[in-house]
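Undergrad: One structure follows; several queries about it will come next.
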Amino acid sequence: MRESWRWFGPNDPVTLDDIRQTGATDVVSALHDVPTGDVWTVDEIRQYKSNIESGNDEHSPLTWSVVESIPVHEDVKLGRDGCETYIDSWITSMENLAKCGVKIICYNFMPVIDWTRTDLGYRLSSGAYALRFDQKKFAAFDLFILRRANAEADYSKIEIAEAKNIYSTLSLDERDELTNNIIAGLPGKMTDSYTLADFRKALAQYENVGHKELRANLYRFLAKVLPRAEALGVRLAIHPDDPPRDMLGLPRVICTAEDLDKLFTDQPNPANGITLCVGTYGSRPDNDLPAMARRFGSRIHFAHLRGVSRDADEQRSFYEANHLDSDIDMVSVVRELLAEERQRAQASDGTGNEIFIRPDHGHQMMDDIGKAVNPGYSGIGRLKGLAEVRGVIRALSATM
Ligand code: DNO
């Protein structure tokens, strides 16, 4: 298992020196400043990589091993005429990364919005803060702030009444904050930031794009990208839609084991793989994470480890719980990943069999509190998650 850590670049308050102290050996990052659709040049990649790896002679070495993510242009998701140019640029970026030795690429295919939460400072009984997705608050945004056309059709009468009630209790600042969380996006998002008016326009573009069309557009993208990836030894790792279901009238197609079956049936190339984002898939009660880790083992090119705790009365709402204490059986997931690594080692020459994991999102706790951190990407909270998971890995490895 290779322990990696997401780094947002030189402005990340959690620095490369901090990462070294966590014991992680690999960095997960992206050229965040390159506009979506533009090529990542070899020079830019090399410079970024050498920045990450510059202290390696004197300190514990860090390697930029995983890209999270090369954004996919909205025109590709929409299947618009001319989107081939954006697919070609994506492929060129991938080729350039491969030239520099970065060969695991996470990406997603979520229309308009990337990962989404309603609360970025949800207070836990311990005093630490977590991220939360509250379905009722989200409905309040959709129905009464965004006022999306035909949104009522997606909610029951009771849900509309609850959303109205919540909306009326939110202060103006809270409404702004909720809006901002959803339309401006969260760190690492691979979509644009919008004003409310632009957001409505972006959603409207998908009027005639349903699941079938979005899937076809994803598969068309992959049919072009995968043969080149395979030739270069690059492994692609699609990130699931977070939360894993349709939202705001948009189709989402990487949410369940069934979605993954469809993906691999259509595009069986071995370079086609997934980011097993345990917390994302686990925010649906019908996703059995240890079973998914087993079933899609050979397709897991990257894993995000984090837990979620769903509300008892509304399973679509959740907060991000401790890495080991959540609705997800993390120990069993890790056991499956270790078993997969063993199998790979036996089947090959032993190289390239390790699975890259990273502690996904951490709580804001202790000295994280009051600091400007990227929501979900605190230093101490993630360190706690990594340390706990590392303990599980060591203990299981000793007995397997
Ligand atoms: C959130 C992340 C996402 C993820 C992208 C992958 O914490 O998991 O931003 O990086 O969706 O493309």
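Undergrad: Going through the range 117-139 one residue at a time, which ones are assigned to a helix (DSSP H, G or I) and more than 16 Å from Ile183 (Cβ to Cβ)?
TA: Gln135, Lys136
Undergrad: Right, Pro251: farther than 20 Å from Arg342 by Cα and either free of Cβ contacts under 8 Å to residues at least 12 places away in the same chain or out of contact with any Lys or Arg (no Cβ under 7 Å at 6 or more places or on another chain) (or both) or not? Steps first, answer last, please.
TA: Details: farther than 20 Å from Arg342 by Cα: yes; either free of Cβ contacts under 8 Å to residues at least 12 places away in the same chain or out of contact with any Lys or Arg (no Cβ under 7 Å at 6 or more places or on another chain) (or both): yes.
Yes: the conditions hold for Pro251.
Undergrad: So for the range 29-36 (the condition being on the phi > 0 side of the Ramachandran plot, surrounded by 15 or more Cβ atoms within 10 Å (Cβ to Cβ), within 16 Å of the ligand (Cβ to nearest atom) and free of Cβ contacts under 8 Å to residues at least 60 places away in the same chain), does at least one residue qualify?
TA: Here is the first cut: in the range 29-36, the ones on the phi > 0 side of the Ramachandran plot are none.
No, that holds for no residue.
Undergrad: Moving on to the next point. Identify, please: which residue in the range 261-295 is in contact with a helix residue (DSSP H, G or I) (Cβ under 8 Å, 6 or more places away or on another chain), within 16 Å of the ligand (Cβ to nearest atom) and among the hydrophobic types (A, V, I, L, M, F, W, C) and is, among those, farthest from His361 (Cα to Cα)?
TA: Only one residue tops the list, namely Leu263.
Undergrad: Select the strands (runs of 3 or more DSSP E) contained entirely in the range 281-386, then report the ones holding at least 1 residues which are within 23 Å of Ser65 (Cα to Cα).
TA: Numbers: elements: 300-305, 307-310, 318-321, 356-359.
Answer list for the range 281-386: 300-305, 356-359.
Undergrad: Among the candidates Ala184, Ala204, Ala197, which residue alone is surrounded by fewer than 16 Cβ atoms within 10 Å (Cβ to Cβ), aliphatic (A, V, I, L, M) and within 16 Å of the ligand (Cβ to nearest atom)?
TA: Numbers: Ala204 fails: within 16 Å of the ligand (Cβ to nearest atom); Ala197 fails: within 16 Å of the ligand (Cβ to nearest atom).
Just one listed residue meets the conditions, Ala184.
Undergrad: Tell me yes or no: at least one residue of the range 279-298 is of a type in the set (Phe, Trp, Tyr) and in contact with a strand residue (DSSP E or B) (Cβ under 8 Å, 6 or more places away or on another chain).
TA: In the first step, residues of the range 279-298 are kept if they are of a type in the set (Phe, Trp, Tyr); the result is 281, 296.
Filter again for in contact with a strand residue (DSSP E or B) (Cβ under 8 Å, 6 or more places away or on another chain), leaving 296.
There is at least one residue in the range 279-298 that is of a type in the set (Phe, Trp, Tyr) and in contact with a strand residue (DSSP E or B) (Cβ under 8 Å, 6 or more places away or on another chain).
Undergrad: Let me ask another. Output the residues belonging to the range 108-129 that are away from the ligand (no atom under 13 Å from the Cβ) and within 22 Å of the chain's Cα centre (by Cα).
TA: Correct list: Thr118, Asp119, Gly121, Tyr122, Tyr129.
Undergrad: Answer yes or no: is there a residue in the range 241-256 that is out of contact with any Gly (no Cβ under 6 Å at 6 or more places or on another chain), crowded, with 19+ Cβ neighbours inside 10 Å and assigned to a helix (DSSP H, G or I).
TA: Within the range 241-256, none of the residues are out of contact with any Gly (no Cβ under 6 Å at 6 or more places or on another chain), crowded, with 19+ Cβ neighbours inside 10 Å and assigned to a helix (DSSP H, G or I).
Undergrad: Hey, among the residues in the range 64-89 that are small (Gly, Ala, Ser) and touching a strand residue (DSSP E or B) at 6+ places or on another chain (Cβ under 9 Å), which one's farthest from Glu3 (Cα to Cα)? Outline the logic, then answer.
TA: The initial filter retains those residues of the range 64-89 that are small (Gly, Ala, Ser), namely 65, 69, 79, 82, 89.
Then drop every residue that is not touching a strand residue (DSSP E or B) at 6+ places or on another chain (Cβ under 9 Å), which leaves 65, 69.
On the way: Ser65: 11, Ser69: 18 Å.
Here the answer is Ser69.
Undergrad: Determine which member of the set Ala98, Ala153, Ala139 is small (Gly, Ala, Ser), more than 20 Å from the chain's Cα centre (by Cα), crowded, with 16+ Cβ neighbours inside 10 Å and farther than 30 Å from Leu31 by Cβ.
TA: The match here is Ala139.
Undergrad: Return the only residue of Ser126, Ser168 being out of contact with any helix residue (DSSP H, G or I) (no Cβ under 7 Å at 6 or more places or on another chain) and either of a type in the set (Val, Ile, Thr) or without any contact (Cβ under 8 Å) to a residue 40 or more places away in the chain (or both).
TA: Working: Ser126 fails: either of a type in the set (Val, Ile, Thr) or without any contact (Cβ under 8 Å) to a residue 40 or more places away in the chain (or both).
The unique qualifying residue is Ser168.
Undergrad: Now for a different question. May I ask you to verify whether Val392 is out of contact with any strand residue (DSSP E or B) (no Cβ under 6 Å at 6 or more places or on another chain), in a helix (DSSP H, G or I), aliphatic (A, V, I, L, M) and in contact (Cβ under 8 Å) with a residue 60 or more places away in the chain?
TA: yes
Undergrad: Please specify each residue of the range 220-236 satisfying the condition of being buried (at least 16 other Cβ atoms within 10 Å of the Cβ) and closer than 16 Å to Arg299 by Cβ.
TA: Leu222, Val225, Leu226, Ala229, Val234, Arg235, Leu236
Undergrad: Pairs under 8 Å by beta carbon, first residue surrounded by 22 or more Cβ atoms within 10 Å (Cβ to Cβ) and of a type in the set (Val, Ile, Thr) in the range 4-19, partner modelled with pLDDT under 95 and in a loop (DSSP other than H, G, I, E, B), six or more apart or different chains?
TA: Val14/Val373
The values are calculated or read from the model by the stated rules, or taken from the named source; none is laboratory data. Nothing here was measured: the structure is a model prediction, and the numbers come from that model. Note: ideal-geometry Cβ built from the backbone for every residue, glycine included; neighbour counts use all protein chains shown.
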